[in-house]
Amino acid sequence: MEIQQALQRAPNTLSAYRRGLDDYLGFCIRNGIDYEQAGRAEVTAFIRDMAERPPAGRRPVKGLANATVRLRLTAVRLFYDHLIEEGVRSRNPVAPGTSGQVRALVRGQRRLPWIPADEDWRGILEAAREEPLRNQLMLALAYDCALRRGELCAIATGDFDPAYRTVTIRAETTKSGRGRCLPYSPETGDLFACYLTERRSLGIGRGPLFLSTSTRNRGAPLSHWTWSKVVEGLAERSGVSKLSTHSLRHLCLTDLARTGWEAYEIAAFAGHRNIQTSLIYIHLSARDLSAKFLQGMASVHQARMALLKGQLA
């Protein structure tokens with residue numbers, strides 16, 4: 001973990017690696033496995049264990065998500081790479097084979113993200129009316145700029161340029177390591193101006209924009225987990241159970257695709273490294289064209305049938 005930190009991995013990535021490695025080593029201890037000597041069979045048993053875990057917390061279904069399983073296997077693979085470098089063992093049981101077709105132990109899955117419908121969005125906004133001004137601004141920015149949770153919470157007062165109505169997302173706060181400058185709407189600008197007045201009662205210095213109002217750590221930078229709890233509360237009060245901190249980002253990028261943005265433009269706005277990730281939202285926006293497509297096909301079908309009827313007559 002010290003090596004991964006020295007390699008400038010993102011804090012969330014380091015945290016995920018720690019959880020993954022703790023999970024694997026705990027599995028080895030519970031099952032009497034010598035992790036230094038474990039082979040492909042033991043790693044496969046760990047994969048099966050993750051797939052068969054009962055529902056817990058916000059995970060209503062059996063087993064861990066595919067992305068979680070693959071991330072934890074990445075942590076285990078890096079751990080065995082380290083043991084090989086230290087001379088403890090000579091082979092990595094998680095690495096793909098070298099003969100024939102190279103395949104990962106667990107094949108990746110790419111599910112289409114859930115997007116709030118119009119009635120869901122109205123319910124979310126209705127529930128947000130009860131929220132403090134800070135949370136309303138965070139909700140507006142998360143949608144307006146398609147921000148990840150970490151990017152949103154890391155915004156500082158100096159990142160805003162009210163004259164041009166833009167906010168700078170610094171590279172060190174992003175998942176991809178790509179900084180970007182994004183516009184925000186006049187409505188978000190009004191919320192920002194109002195919140196600055198409220199923020200002065202918590203701290204007058206420059207720094208993180210969003211500050212805690214709790215008595216325990218008043219004026220401290222707002223944590224990721226606090227924002228997650230705010231969104232969970234919105235989901236409960238609005239009845240939109242699938243709402244998460246990432247749903248607002250998905251909705252914004254889908255709306256950009258609906259309005260005709262190209263994939264490379266969406267990728268630049270979202271900070272995606274791979275343009276293929278942005279194509280998901282292009283595909284999602286195609287759903288809105290289904291009614292128009294069916295209507296057009298119906299008229300073509302009728303025309304062809306009328307022509308056919310004339311020929312047969």
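Values quoted throughout were computed directly from the atomic coordinates according to the rules given, and no laboratory measurement underlies them. Keep in mind it's a predicted model, so treat the numbers as computed, not measured. Heads up, the Cβs are rebuilt from the backbone with ideal geometry, glycines too, and the neighbour counts pull from every protein chain shown.
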Query raised in the report: What 222 nm value per residue comes from the helices of the chain, counting each DSSP H run with n ≥ 4 as -39,500 (n - 2.57) and dividing by all residues, nearest 500 deg cm²/dmol?
Result: -17000 deg cm²/dmol
Query raised in the report: Once you put a point 7 Å from the Cα of Asp161 and another 7 Å from the Cα of Thr277, both along the Cβ direction, what distance in nm separates them?
Result: 2.4 nm
Requested in this report: Under 17 Å Cα to Cα from Lys229, which aspartates and glutamates show up? Leave out anything in the same chain fewer than 8 places away.
Outcome: Glu130, Glu131, Glu151
Requested in this report: State the extension gain, in nm to one decimal, for the chain segment bounded by Leu112 and Asn12, taking 0.36 nm per residue of separation less the distance between their alpha-carbons.
Outcome: 33.7 nm
Requested in this report: Return the label of the correct value of percent of Cα pairs over 38 Å apart, as calculated from the structure shown, out of [x] 8; [y] 27; [z] 31.
Outcome: [z]
Requested in this report: Round to the nearest 0.05 the FRET efficiency obtained for Leu125 and Asp22 when R0 = 51 Å and r is the Cβ-Cβ distance.
Outcome: 0.85
Query - Glu265 paired with Arg206, simple spin-label distance in nm, labels 7 Å along Cα-to-beta-carbon - result: 3.3 nm
